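Colleague: Handing you a structure now.
The values are calculated or read from the model by the stated rules, or taken from the named source; none is laboratory data. No experiment lies behind these values; they were computed from the predicted model shown. Every residue, glycine as well, gets a Cβ built from its backbone with ideal geometry; the counts of neighbours run over all protein chains shown.
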Amino acid sequence: MRRRSLLIAVPAGLVTLAGCGDDGKSDTAKSSSSPSASASASSAPPPKIVDGPLPAITAGTKFDEKPTVAKGTGDPSKNLAVRTAIAGGGQTVAENDYIQANYLGQIWDTAKVFDNSYDRKTPLVIQLAQGGIIDGWRYGLVGKKVGSRVEMAVPPTWGYGTSGNTQAGIKGTDTLVFVVDIQDTFNAKSSAKGKDVAQSDAALPKVGTNTDGKAPSITVPKATAPTKLVANYVIEGDGDEVKADSSVLVQYKGVLWDGGKEFDSTYSRGQLTSFSLQQVVKGWSQGLTGKKVGSRVLIVVPPSLGYGDSPPSGSGIKKDSTLVFSVDILAKM
């Protein structure tokens, strides 16, 4: 079994190891009306994908512009209807990828909009994984390219099932219409994007600047570990700044200052990690606050901001260890 991240901390300031097993789900809470799978019929067989019928997009027809969608006419298909309204030229989305997207969702029969991210001015970042999102998205968006606008009509079987979603006003018989603008996609091969920053302090670790999706090297100097937090750009991106209460999607690698041995890594697990900065050890929450999305950051965490004298059991971390991390901030959630 794959071990989950060692970084999650409980509110009292103690830290915990989540043990074996990685369910692949984000630790970030999602809106109940977003296409999360809280009420999805995820045990349904794969749908037949057809190209219609689909209602017209009558306004907001440009990519990443809030759309207006007509009311559905006649009976919707009992299959999953999918149409690429705008074809992008970016990376192809694969199952289990995380996608960053703006979207609008409405009900076929009434054209009632039950959710949209455009008004929130915050794109959704979510994993296209079974149990993590409604199956209509999981099947309808796989194979599409970044930069695409995709319209879908999702029957209850691949939406919220016969229970519907009461809070969103969705009945168990409702077919849902979505317009999704795919801004980006992320997987285990994703890396930081930006400009390399000089690493000129010989007393600090040096982090590799490769952006090929492979784990960067971390070379720890034969020097005394710093007693204060270090959080320096290795690669500086140009995205939004991370706030203290932000949730982020990251790649990271952690090694011990003493000996440079790796103790945790998303690269080794082959799976990205997402979490709120309010849930992690203080060294991470303080070190990533103010940094830009797209960046790679060197974080050196002294014991007082890490695990102190209570390291996670079985982690290979000794008491009062100084920890060194390379963190790629892929997206803000």
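Colleague: Any idea how many residues of region 235-256 are surrounded by fewer than 21 Cβ atoms within 10 Å (Cβ to Cβ) and of a type in the set (A, V, I, L, M, F, W, C)?
Modeller: 2
Colleague: Touching a residue at least 24 places away in the same chain (Cβ under 8 Å), under 19 Å from the mean Cα position of the chain (by Cα) and surrounded by fewer than 24 Cβ atoms within 10 Å (Cβ to Cβ): is that true of Gly147 in this structure? Spell out the reasoning first.
Modeller: Numbers: touching a residue at least 24 places away in the same chain (Cβ under 8 Å): yes; under 19 Å from the mean Cα position of the chain (by Cα): yes; surrounded by fewer than 24 Cβ atoms within 10 Å (Cβ to Cβ): yes.
Criteria met by Gly147.
Colleague: Anything in region 303-326 that is touching a helix residue (DSSP H, G or I) at 6+ places or on another chain (Cβ under 6 Å) and closer than 25 Å to Asp245 by Cα? List them, or say none.
Modeller: Leu305, Gly306
Colleague: Give the residues of region 218-232 that are of a type outside the set (Val, Ile, Thr) and either part of a loop (DSSP other than H, G, I, E, B) or surrounded by 20 or more Cβ atoms within 10 Å (Cβ to Cβ) (or both), sorted by residue number. Outline the logic, then answer.
Modeller: The initial filter retains those residues of region 218-232 that are of a type outside the set (Val, Ile, Thr), namely 221-223, 225-226, 228-229, 231-232.
Pro221, Lys222, Ala223, Ala225, Pro226, Lys228, Leu229, listed by residue number.
Colleague: Kindly indicate whether Ile107 is modelled with pLDDT of 95 or more, β-branched (Val, Ile, Thr), closer than 19 Å to Gly294 by Cβ and touching a Leu at 6+ places or on another chain (Cβ under 8 Å). Can you show your working first?
Modeller: Numbers: modelled with pLDDT of 95 or more: yes; β-branched (Val, Ile, Thr): yes; closer than 19 Å to Gly294 by Cβ: no; touching a Leu at 6+ places or on another chain (Cβ under 8 Å): yes.
When the stated conditions are applied, Ile107 does not pass them.
Colleague: How about region 304-333: which of its residues are under 21 Å from Ala203 (Cα atoms) and buried (at least 19 other Cβ atoms within 10 Å of the Cβ)?
Modeller: Filtering region 304-333 down to residues under 21 Å from Ala203 (Cα atoms) leaves 304-306, 320-327.
Passing the criteria: Leu305, Gly306, Ser321, Thr322, Leu323, Val324, Phe325, Ser326, Val327.
Colleague: Among the listed residues Gln106, Gln127, Gln167, identify the single one that is in contact (Cβ under 8 Å) with a residue 60 or more places away in the chain, out of contact with any helix residue (DSSP H, G or I) (no Cβ under 8 Å at 6 or more places or on another chain) and surrounded by fewer than 15 Cβ atoms within 10 Å (Cβ to Cβ).
Modeller: Numbers: Gln106 fails: surrounded by fewer than 15 Cβ atoms within 10 Å (Cβ to Cβ); Gln127 fails: surrounded by fewer than 15 Cβ atoms within 10 Å (Cβ to Cβ).
Answer to the check: Gln167.
Colleague: Looking only at region 257-275, decide whether some residue is touching a Gly at 6+ places or on another chain (Cβ under 6 Å) and within 24 Å of Asn96 (Cβ to Cβ). Steps first, answer last, please.
Modeller: In the first step, residues of region 257-275 are kept if they are touching a Gly at 6+ places or on another chain (Cβ under 6 Å); the result is 263-264.
Okay, now just the ones that are also within 24 Å of Asn96 (Cβ to Cβ), so 264.
Looking through region 257-275, at least one residue is touching a Gly at 6+ places or on another chain (Cβ under 6 Å) and within 24 Å of Asn96 (Cβ to Cβ).
Colleague: Right, another one. Going by the structure shown, is Ala215 in contact with a helix residue (DSSP H, G or I) (Cβ under 6 Å, 6 or more places away or on another chain), surrounded by fewer than 21 Cβ atoms within 10 Å (Cβ to Cβ) and either assigned to a loop (DSSP other than H, G, I, E, B) or at positive phi (or both)? Can you show your working first?
Modeller: Details: in contact with a helix residue (DSSP H, G or I) (Cβ under 6 Å, 6 or more places away or on another chain): yes; surrounded by fewer than 21 Cβ atoms within 10 Å (Cβ to Cβ): yes; either assigned to a loop (DSSP other than H, G, I, E, B) or at positive phi (or both): yes.
Against the criterion (in contact with a helix residue (DSSP H, G or I) (Cβ under 6 Å, 6 or more places away or on another chain), surrounded by fewer than 21 Cβ atoms within 10 Å (Cβ to Cβ) and either assigned to a loop (DSSP other than H, G, I, E, B) or at positive phi (or both)), Ala215 qualifies.
Colleague: What residue, among those in region 66-82 that are in contact (Cβ under 8 Å) with a residue 60 or more places away in the chain and assigned to a loop (DSSP other than H, G, I, E, B), is farthest from Thr110 (Cα to Cα)? So that I can check it myself, show each step before the final result.
Modeller: Within region 66-82, the subset in contact (Cβ under 8 Å) with a residue 60 or more places away in the chain is 67, 69, 72, 76-82.
The next check asks that each one be assigned to a loop (DSSP other than H, G, I, E, B); those that pass are 67, 72, 76-79.
On the way: Pro67: 16, Gly72: 8, Pro76: 12, Ser77: 16, Lys78: 18, Asn79: 19 Å.
Among residues in region 66-82 that are in contact (Cβ under 8 Å) with a residue 60 or more places away in the chain and assigned to a loop (DSSP other than H, G, I, E, B), the one farthest from Thr110 (Cα to Cα) is Asn79.
Colleague: Related question: Thr61: outside any strand (DSSP E or B), of a type in the set (Val, Ile, Thr) and modelled with pLDDT under 95, yes or no?
Modeller: On the way: outside any strand (DSSP E or B): yes; of a type in the set (Val, Ile, Thr): yes; modelled with pLDDT under 95: no.
No: the conditions fail for Thr61.
Colleague: Tell me yes or no: at least one residue of region 281-302 is at pLDDT below 95, touching a helix residue (DSSP H, G or I) at 6+ places or on another chain (Cβ under 7 Å), assigned by TED's automatic domain parsing to the domain that holds Asn210 and not charged (D, E, K, R).
Modeller: Yes, some residue in region 281-302 is at pLDDT below 95, touching a helix residue (DSSP H, G or I) at 6+ places or on another chain (Cβ under 7 Å), assigned by TED's automatic domain parsing to the domain that holds Asn210 and not charged (D, E, K, R).
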